[in-house]
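Written out below as structure tokens is the structure these notes cover.
The values are calculated or read from the model by the stated rules, or taken from the named source; none is laboratory data. What you are looking at is a predicted structure, and each value in this text was computed from that prediction instead of being measured. Virtual Cβ from ideal backbone geometry, glycine too; neighbours counted across all protein chains shown. Accessible surface areas use protein heavy atoms only, side chains included; no ligands, DNA or RNA. Shrake-Rupley method; radii C 1.70, N 1.55, O 1.52, S 1.80 Å.
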There are 2 protein chains.
Amino acid sequence: MRISLNRRSVTPHSAAMRLALASAVALACPASGQTPPTLVSPEIGVDRAVTFRLWAPSASAVELSGNWMGARPPAPLAKGADGVWTVTIPPLEPNIYSYGFIVEGIRTADPSCRCTFASAGRFVDSVLRIPGDTPRAWEAQNSPAGTLHHERFRSARQQRTRQFVVYTPPGYEPAGTRRYPVLVLLPGTPGDENDWTSGGGFAEVMFDNLIARGEMVPMFVVMHASDALDRPGGRRSDQNLQEFEVILVDEVLPLLRARYRVDPQPESWAIAGLSLGGEFGMHVGLKHPEIFRSIGSLSGSLVQNSFDSRFVPWFTTPEARRGAYSLIWLGCGSEDVFLDGTKAFAARLEAAGIKHVFRQLNGPHSLAVARLELAELLPLLFKPPAAPRR
Amino acid sequence: MRISLNRRSVTPHSAAMRLALASAVALACPASGQTPPTLVSPEIGVDRAVTFRLWAPSASAVELSGNWMGARPPAPLAKGADGVWTVTIPPLEPNIYSYGFIVEGIRTADPSCRCTFASAGRFVDSVLRIPGDTPRAWEAQNSPAGTLHHERFRSARQQRTRQFVVYTPPGYEPAGTRRYPVLVLLPGTPGDENDWTSGGGFAEVMFDNLIARGEMVPMFVVMHASDALDRPGGRRSDQNLQEFEVILVDEVLPLLRARYRVDPQPESWAIAGLSLGGEFGMHVGLKHPEIFRSIGSLSGSLVQNSFDSRFVPWFTTPEARRGAYSLIWLGCGSEDVFLDGTKAFAARLEAAGIKHVFRQLNGPHSLAVARLELAELLPLLFKPPAAPRR
């Protein structure tokens, strides 16, 4: 609700509406009295090349930054005589990406897109959806929709309010009797319980689609922050990992069991996460086979100097874990900073005789690549292994 | 999840973390290689004066814009030798406000606050919480927390996915038998189903508190966009109002009744809204006494040239509405552009003999003032009128 009034002499509601509209474009609109043009941005070509446009007549430099770029520098836009800056980038693979402009050193969302979202209380991005020739799992396809439940509770340990989000599949009847398997799905850091949905993941659409196609077992998906202490600089610390484990196992999961009709069998529980959530989820999953029997690392922050200490019990005495898990799944992007670490972790599992799957996808350390990994992981969960071929 | 890599030679996870941190401050950090200082912003003094700070060493002008300002112009910040811009504003009344900086004509959130939120897919703001001497209804007080359910459905009328949010009070047991009253709570425009919660309203905390204090009847609160067509320029049009009415009455409410254990009696149904939602809610509420028996306009966009045509049936033949409503509540801010219209509307109700309440609060047309109005309205809903004093 953006209505404000600059001049009392004009008709109230039209002034209010005009100002409301003006504020929508103020992002890139110098206070010069000029009227910004209506732009199409982003514009996706038939070849999936993408053109970005920003009206910034008084800016001296505008750059494009997107999460498909990895280690590459931001792309400069060129200024036209009309004050509109433009850049066209080469074709992108189908996915949902996030991007922003850097204007005079200030990062800003694309005011033409109406696709601005915030995450973790500090990041602001625009959404870029590159469709496939045939609809991909994450594209809206009018599948029956599940519900996202935003739960809050008072953490006895932290003496503060914490949040988690639960996806329930379409057809879940709270008053029914059917019990559902559970996937705990964790974000990176900084990040929170919304990252996989409104914070850029938009994964609920993928859940809907895969369930509708019969490719995913109808399940609850529980989303909670990986970074339980939220102290800058200590995100990958042992203290943060321990805090996360206690909050998840002793506080969140009991509430989940009380409020949702979960299947209590450990075979029906999985934990997976992105980046820090991949590492923390792997740790908690391997520590608690009495809770989880499937684990997924989605571009997890697996680096040798931490897993050599954190995971040592399961590598030195691996017997108890050798047959315990239905699935241990490791995915990583080809340009990901954690690719070597993930490969090294897979080698440790191999040496310990712990069954696992390793998948390398194209791309950098990003939520976009993790989305592809999640789309591969979900169909594998909670299904009996295929019978061996005769 | 913001991790990316600029240099392959550094330790992967520390580089990733450093870059993750760097991106958190990039908003106000020119690409000059300088390290931004750690700032406290906003800083709230004991007298509730507020100091804002932004590090922008290469900027030539920085202004503060906040939703408490109404028709007043943005406040300029002064630049210090250290590149930090500062302004201190006079004391504010306790409330939750939103604000941002305008740097070189570009509006941006406060990077020091970690309180950035987006709304309606296009607006980005920071949150400013001014506490009261005693906790106000909207301040976190560890009350038992309700749940926010994000529902999606395929609109048969619009052939697209629409969303609504349902607050269920603490203690709501989906498998129980108790039925609850319903408040339909609408946002302004541009706005969506999240405006009253994560989009700047944060009203779920107020619901929790008032219910815990026994000052609000435990109820479902249903939030849906007021602007059903979402066509720029046509937000206050008759077409948009008609579309809103059909979507709400024929699509959202039947789903609500099917999915939540609502009390079917019209005495247990209310509709209220902010700005456009106040006007549209008033229209739908007066048109449908068979559904709603309580109506609230929270700084509603009531202007004479539209309500003289839209509401004419109820003013010319008011008999059927005279005794129909338990509550018609009109609130407006003293600096609000819609104050005169709201007063005129109250006069029409008065002339028609339709019982109502009018309340004028201090402040401009803003979600902050509407929050104060909502805090007054909620305790009045679904309660039998007090017995007359002897």
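Here is how the numbers come out for the structure above:
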{"quantity": "Selected residue [facing another protein chain (nearest Cβ under 9 Å) and at pLDDT 95 or above] from B:ARG157, B:ARG136, B:ARG152, B:ARG122", "calculated": "B:ARG152"}
{"quantity": "Members of segment B:338-360 found to be open to solvent by 20 Å² or more (accessible area, probe 1.4 Å) and not small (Gly, Ala, Ser), listed by number", "calculated": "B:ASP340, B:LYS343, B:ARG348, B:GLU350, B:LYS355, B:HIS356, B:VAL357, B:PHE358, B:ARG359, B:GLN360"}
{"quantity": "Residues of segment A:325-337 that turn out to be over 23 Å from the mean Cα position of the chain (by Cα) and either open to solvent by less than 20 Å² (accessible area, probe 1.4 Å) or not assigned by TED's automatic domain parsing to the domain that holds A:TRP269 (or both), as a count", "calculated": "1"}
{"quantity": "Qualifying positions in segment A:199-225 - assigned to a loop (DSSP other than H, G, I, E, B), crowded, with 20+ Cβ neighbours inside 10 Å and under 12 Å from the mean Cα position of the chain (by Cα)", "calculated": "A:GLY199, A:GLY200, A:GLY201, A:HIS224, A:ALA225"}
{"quantity": "Counted residues, segment A:239-272 - those being aliphatic (A, V, I, L, M) and over 22 Å from A:SER299 (Cα atoms)", "calculated": "9"}
{"quantity": "Candidate set from segment B:162-191 (those that are away from every other protein chain (no Cβ under 11 Å) and of a type in the set (D, E, K, R)); member that is farthest from the chain's Cα centre (by Cα)", "calculated": "B:ARG178"}
{"quantity": "Residue match in segment B:107-120 (condition: touching a helix residue (DSSP H, G or I) at 6+ places or on another chain (Cβ under 7 Å), free of Cβ contacts under 8 Å to residues at least 40 places away in the same chain and under 16 Å from B:VAL62 (Cα atoms))", "calculated": "no"}
{"quantity": "Failed item in (1) part of a helix (DSSP H, G or I); (2) more than 28 Å from B:THR116 (Cβ to Cβ); (3) within 21 Å of the chain's Cα centre (by Cα), with A:ASN240 passing the rest", "calculated": "(2)"}
{"quantity": "Answer from B:SER4, B:SER9, B:SER23, B:SER14 - the residue that is within 17 Å of B:ASP110 (Cβ to Cβ), modelled with pLDDT under 50 and not assigned by TED's automatic domain parsing to the domain that holds B:ALA109", "calculated": "B:SER23"}
{"quantity": "Conditions (1) within 14 Å of chain B (Cβ to nearest Cβ); (2) not in a helix (DSSP H, G or I): number failed by A:ARG371", "calculated": "(2)"}
{"quantity": "Any hit, segment B:268-281, residues being without any contact (Cβ under 8 Å) to a residue 24 or more places away in the chain and over 20 Å from the mean Cα position of the chain (by Cα)", "calculated": "no"}
{"quantity": "The lone exception for A:PRO264 - which of (1) in a loop (DSSP other than H, G, I, E, B); (2) surrounded by fewer than 17 Cβ atoms within 10 Å (Cβ to Cβ); (3) touching a helix residue (DSSP H, G or I) at 6+ places or on another chain (Cβ under 6 Å) it fails", "calculated": "(3)"}
{"quantity": "Residue satisfying all of: in segment B:139-149; over 18 Å from the mean Cα position of the chain (by Cα) and surrounded by fewer than 21 Cβ atoms within 10 Å (Cβ to Cβ); nearest to the other protein chains (Cβ to nearest Cβ) among these", "calculated": "B:ASN142"}
{"quantity": "Single residue of B:VAL252, B:VAL284 found to be touching a Phe, Trp or Tyr at 6+ places or on another chain (Cβ under 6 Å), of a type in the set (Val, Ile, Thr) and modelled with pLDDT of 95 or more", "calculated": "B:VAL252"}
{"quantity": "Qualifying residue in segment B:101-111 (condition: more than 12 Å from every other protein chain (Cβ to nearest Cβ) and under 30 Å from B:LEU39 (Cβ atoms))", "calculated": "no"}
{"quantity": "Within segment A:336-368, tally of residues that are assigned to a strand (DSSP E or B) and under 25 Å from A:PRO181 (Cα atoms)", "calculated": "3"}
{"quantity": "Scope segment B:265-300; condition charged (D, E, K, R) and farther than 15 Å from B:LEU248 by Cβ; matching residues", "calculated": "B:GLU267, B:ARG293"}
{"quantity": "Test: residue in segment A:341-363 that is in contact (Cβ under 8 Å) with a residue 12 or more places away in the chain, hydroxyl-bearing (Ser, Thr, Tyr) and either away from chain B (no Cβ under 14 Å) or over 29 Å from A:SER268 (Cβ atoms) (or both)", "calculated": "no"}
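Residue-wise test of (1) under 23 Å from A:ASP125 (Cα atoms); (2) surrounded by 21 or more Cβ atoms within 10 Å (Cβ to Cβ); (3) at pLDDT 95 or above; (4) within 14 Å of another protein chain (Cβ to nearest Cβ).
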{"residue": "B:SER32", "(1), (2), (3), (4)": "yes, no, no, yes"}
{"residue": "B:PRO36", "(1), (2), (3), (4)": "yes, yes, no, yes"}
{"residue": "B:PHE52", "(1), (2), (3), (4)": "no, yes, yes, no"}
{"residue": "B:ALA56", "(1), (2), (3), (4)": "yes, yes, no, yes"}
{"residue": "B:GLY70", "(1), (2), (3), (4)": "no, no, no, yes"}
{"residue": "B:LYS79", "(1), (2), (3), (4)": "no, no, yes, no"}
{"residue": "B:ILE89", "(1), (2), (3), (4)": "no, no, yes, no"}
{"residue": "B:TYR99", "(1), (2), (3), (4)": "yes, yes, yes, yes"}
